[in-house]
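Before any comments, here is the structure.
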Amino acid sequence: MKGSVRALGCASIVVLGFMGAYQAQAQTSGSERKSETEPANRDEVEVITVTAQFRAQNLQDTPIAITAVSGAMLEARSQTNIAQIANQAPSVTLKGQGATYGSSLVGNIRGVGQHDFSAALEPGVGLYVDDVYYATLTGSILDLLDLDRVEILRGPQGTLAGKNSIGGAVKLYSARPTGSNSGYILATYGSRNRLDLRASADFGLTDTISARIAGVTKKQEGYIKRMDFGCLYPAGGPAVYTTNTGTTAPVNPAGGVPQLTSASDCVLGREGGTGYSAVRGQLRFQPNSDLDINIIGDYTVEDRPNAGNVLLDRSIAGVRRSPNWIDRLPGNARGATDVNPYSAAIPYDVRFICGPYCNYATYIAAADTSTGALGAFANTGGVRPATIYDGRLNFKGWGVSGSIEYNLTDNLQLVSITGYRAYRSDWDSDDDLSPLAMQNNTSDLKYWQFTQEVRLNGSAFDKTLEYTLGGFYLKQYTHILAGSDVRTATEAAFFNNDITRANTKAAFVHLAWSPVERLTLSAGLRYNDEFKEYVFGRTGLGGAPLPASSQVRLLNGVVGLYDGKISQNWDYRFNLQYKLTDDISVYGQVSTGIKGGGINPRPFNAAQALPFGPEKLTTYELGWKSDLFDRRLRLNAAIFMSKYKDIQLTLSPNCIALIGATLGSTCNLVINSGDADLKGAEVEVSLRPVPGMIIDASGSFLDFDYTKFQSFGTASVGGPGNPSGPQFGDYPLYTPRWKWSFGVQYAIELGKAGSLTPRFDAAYQSKIFYGVNLPTSRIDGYTVANARLTWENEDKDLSISAEVTNLFDKYYLLTGFDRASGPGFTVAQPGRPREWAISVKKSF
């Protein structure tokens, strides 16, 4: 894998050399299309063209709540990956996940989304790159490489974007080839040996064929130190600590945790670093004004240590819940749920809290003979075998796509978008972040998908009626081999060897009718038919069969199906837009969306391998869009109310009481758990008060109220009758009640010396939860500020920028994994501390 990264880095250097060579022989191309984003003059807000309704429209003429960001603004904000664009988008959460979930993304818009990468589950936010649907959360932490713009559509987009856009959709659009014979090279150096290289070149091959190639490579050391507990506190040493019960005890008694490294600083490694390379190439054929064919290929490699997590000290009602594991056997004897493989008595407790930017993860679960009496380990000589992983993440992904836009007549256009994507990713997690053998996991995930979308765009009656007819097809294959050594359970270590096959068929229609001047009535309808088959495989380590006492082994060969009437759904949209003036419009709409159903992905026995249905959302929305004072002020706002039904929640362990004892003593079950009402408001402002100054701001408020929990007999999923489940008043995962952002920049003209532009950004989100709304999964609200200073020469082909992110060095958390109610730990991923960087960009 390291060789692949080096090879791709070398390829990037070759690309840079090629661009320089090609510049010398550049020739003028006869075909060039205007960028979708028109740069504003120093007095006006920029004009951005979007395609949210299947055809090019001015952002301000599109009656949808959209945040549209140009490539130039992404650079001005120092934003380089998809998770960062949510900072300035109201009601939007996009965050890279911690080590447990691999290279995947938390996606949430208006309180609806998904955080779990499993192929049995579906995202709640649709992600598209150049109109190709990315169907999984894994592989979605994309670099913002050579983009024309980003569109974030808020609210259900069931008719416009399809299934799984129930919360909204995020669409990235690459800068297309134009034959301009231009490009740029950008190099960045910063904190912890950060080194980024970016480059792009656009050139004309003939009068009708143009090409564009872009590449990026990023390396940076991690900001989370992985410390050697046995090195810091040698076994039998004098160090003592205050235990969970308030007594004093040795930190590492004789016979305890051994030392693993001889390094003087006791550092085993660093987590949270970057190792990312990607390249994208495009070839565009425009033989005449009626035909436009664009072919895109891309390749991405990640090779890095895990995202960095830290163990949290969390209590409920004065009782420490993390870290806290007391063996469940009578008298706390070491036995079936023993997590300590060492000879000394070492409970899992507060001694393993390392600090704000460090942990004690080893990725080693040592062999343990203390469980020899257990029948579950009779086939291994009474020894619980060791599991040893390397704690790294590897990802290789690639894709090809082709779009065809053909004008059949002056009023009729055929659009075809074909895509194929595949990736393979493997990663490990030491979930408890300690040298004890509590919970080690490893995953190897393979995936491919094929998509085909066809649209027929037309107009009639002197273009007072515009319509789109279309169809969509998606086929997916996923294979995951995931090993779990969970010693807080009596099961032997086992591998999930699961295969998921799925497909989606859809047909849709969209109409926009303008019966009178300034009034537009729009309607849309989409039919979705889904199929999903989940084949469970369970084996012991190395592929050996699990012992007869294992409940997990009974899952081997079980097939779960999501099909039939429950997987067939309709979405609709009705919208009325009225232009009060040429620059002010209002709209009202009702729209729906679904998040597909599936099969419970992590059952502990065959009885738990159950299907669940789709989520459904209906939203009523009013919006205002305006460009005021000669386009010096842009003010867009929306208010909405949503009915959210059949919410999918994972129940553990209380599903036993709900469904029945036949599900077994350990339970993990996804079911449609209840309904909720959502209400919210959003506002976005862009202001040009004086020439050269840009001020932008956004804000959002979301109120989420559960209205019903599913009942099974006398038991309920949540509410007062089930204190371990969700409660009325709880918020969904990763959903802040309040969110705001503010940014300002001012270009100071220096005549022949060029210009100097300082910029400042700040973003706030209120508290969120990454599990049941308890103190163990709470992330407090925080504000993070960034600053950037850019000098640009008079010819605007050379710039030097200095940036500081997390300017005030705020400590905050991004994501988490809460197992306090079971194994007794909760871990979280801290945001990056204050960092600096210097960038140099040369355009040609």
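The values are calculated or read from the model by the stated rules, or taken from the named source; none is laboratory data. Everything quoted here is computed from the prediction, not taken from an experiment. Cβ sites come from the backbone with ideal geometry, for glycine too, and all protein chains shown count toward neighbours. When the accessible area is computed, the model is the full protein with side chains, heavy atoms only, and any ligands, DNA or RNA have been set aside. Shrake-Rupley method; radii C 1.70, N 1.55, O 1.52, S 1.80 Å.
Remarks
So that you can scan it fast, the table gives a plain yes or no per residue for (1) closer than 26 Å to S403 by Cα; (2) hydrophobic (A, V, I, L, M, F, W, C); (3) not in a helix (DSSP H, G or I):
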site	(1), (2), (3)
A169	yes, yes, yes
Y173	yes, no, yes
G183	yes, no, yes
L186	no, yes, yes
L197	no, yes, yes
T206	yes, no, yes
V216	yes, yes, yes
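- Residue count, region 138-168 (criterion: open to solvent by 10 Å² or more (accessible area, probe 1.4 Å), over 27 Å from Y477 (Cα atoms) and of a type in the set (A, V, I, L, M)): 1
- Answer residue from region 124-137, given it is open to solvent by 10 Å² or more (accessible area, probe 1.4 Å) and in a loop (DSSP other than H, G, I, E, B) and is nearest to T468 (Cα to Cα) among those: D131
- Scanning region 273-317 for residues that are of a type in the set (V, I, T) and at pLDDT 95 or above yields T274, V279, I293, I295, I296, T300, V301, V310.
- No other residue among T442, T468 is in contact (Cβ under 8 Å) with a residue 60 or more places away in the chain, of a type outside the set (A, V, I, L, M) and in a strand (DSSP E or B) apart from T468.
- Only a single item in (1) open to solvent by less than 30 Å² (accessible area, probe 1.4 Å); (2) within 30 Å of K841 (Cα to Cα) is not met by I295, and it is number (1).
- Unmet criterion (only one of (1) at pLDDT 95 or above; (2) within 31 Å of the chain's Cα centre (by Cα)) for G674: (1)
- Among the conditions (1) assigned to a strand (DSSP E or B); (2) without any contact (Cβ under 8 Å) to a residue 24 or more places away in the chain, the only one that F728 does not satisfy is (1).
- Filter result (at pLDDT 95 or above, surrounded by fewer than 20 Cβ atoms within 10 Å (Cβ to Cβ) and over 20 Å from the mean Cα position of the chain (by Cα)) within region 390-409: V400, G402, I404, E405, Y406, N407, L408, T409
- Taking region 245-272 as the range and being on the phi < 0 side of the Ramachandran plot, crowded, with 21+ Cβ neighbours inside 10 Å and part of a loop (DSSP other than H, G, I, E, B) as the test, the residues that pass are N252, G256, V257.
- Index of the failed condition, E749 passing every other in (1) open to solvent by 20 Å² or more (accessible area, probe 1.4 Å); (2) over 30 Å from R42 (Cβ atoms); (3) not hydrophobic (A, V, I, L, M, F, W, C): (2)
Condition check ((1) part of a loop (DSSP other than H, G, I, E, B); (2) surrounded by fewer than 20 Cβ atoms within 10 Å (Cβ to Cβ); (3) charged (D, E, K, R)) across all residues:
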residue: N786; (1), (2), (3): no, no, no
residue: K796; (1), (2), (3): yes, yes, yes
residue: S801; (1), (2), (3): no, no, no
residue: P833; (1), (2), (3): yes, yes, no
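- Taken as a whole, the condition of being surrounded by 22 or more Cβ atoms within 10 Å (Cβ to Cβ), at pLDDT 95 or above and not in a loop (DSSP other than H, G, I, E, B) does not apply to G107.
- Each residue in region 45-93 was checked for being part of a loop (DSSP other than H, G, I, E, B) and either within 18 Å of the chain's Cα centre (by Cα) or at pLDDT below 95 (or both), and 15 of them qualify.
- Residue that is modelled with pLDDT under 95 and in a loop (DSSP other than H, G, I, E, B), where the choices are P736, P723: P723
- Looking only at region 677-695, and only at residues there that are under 20 Å from Q765 (Cα atoms) and within 25 Å of the chain's Cα centre (by Cα), the one that is most open to solvent (accessible area, probe 1.4 Å): K679
- Residue within region 557-568 that is among the small types (G, A, S) and either in a strand (DSSP E or B) or modelled with pLDDT of 95 or more (or both) present: yes
- Count of residues meeting criterion [over 13 Å from L121 (Cα atoms) and surrounded by fewer than 22 Cβ atoms within 10 Å (Cβ to Cβ)] in region 590-603: 1
- Filtered residues of region 60-92 (kept if among the charged types (D, E, K, R) and either without any contact (Cβ under 8 Å) to a residue 40 or more places away in the chain or surrounded by fewer than 21 Cβ atoms within 10 Å (Cβ to Cβ) (or both)): D61, E75
- Residue count, region 343-374 (criterion: part of a loop (DSSP other than H, G, I, E, B), open to solvent by 30 Å² or more (accessible area, probe 1.4 Å), at pLDDT 90 or above and within 13 Å of A437 (Cα to Cα)): 0
- Search result, residues across region 515-546 that are surrounded by 18 or more Cβ atoms within 10 Å (Cβ to Cβ) and more than 32 Å from the chain's Cα centre (by Cα): T520, L546
- Test: residue in region 165-173 that is touching a residue at least 12 places away in the same chain (Cβ under 8 Å) and within 19 Å of F817 (Cα to Cα): no
- Of all residues assigned to region 494-507, none qualifies as being outside any strand (DSSP E or B), under 21 Å from S118 (Cβ atoms) and touching a helix residue (DSSP H, G or I) at 6+ places or on another chain (Cβ under 8 Å).
- Number of positions in region 434-479 that are of a type in the set (V, I, T) and either on the phi > 0 side of the Ramachandran plot or open to solvent by less than 30 Å² (accessible area, probe 1.4 Å) (or both): 4
- Residues (within 19 Å of Q79 (Cβ to Cβ), polar (S, T, N, Q) and open to solvent by 10 Å² or more (accessible area, probe 1.4 Å)) located in region 194-225: T217, Q220
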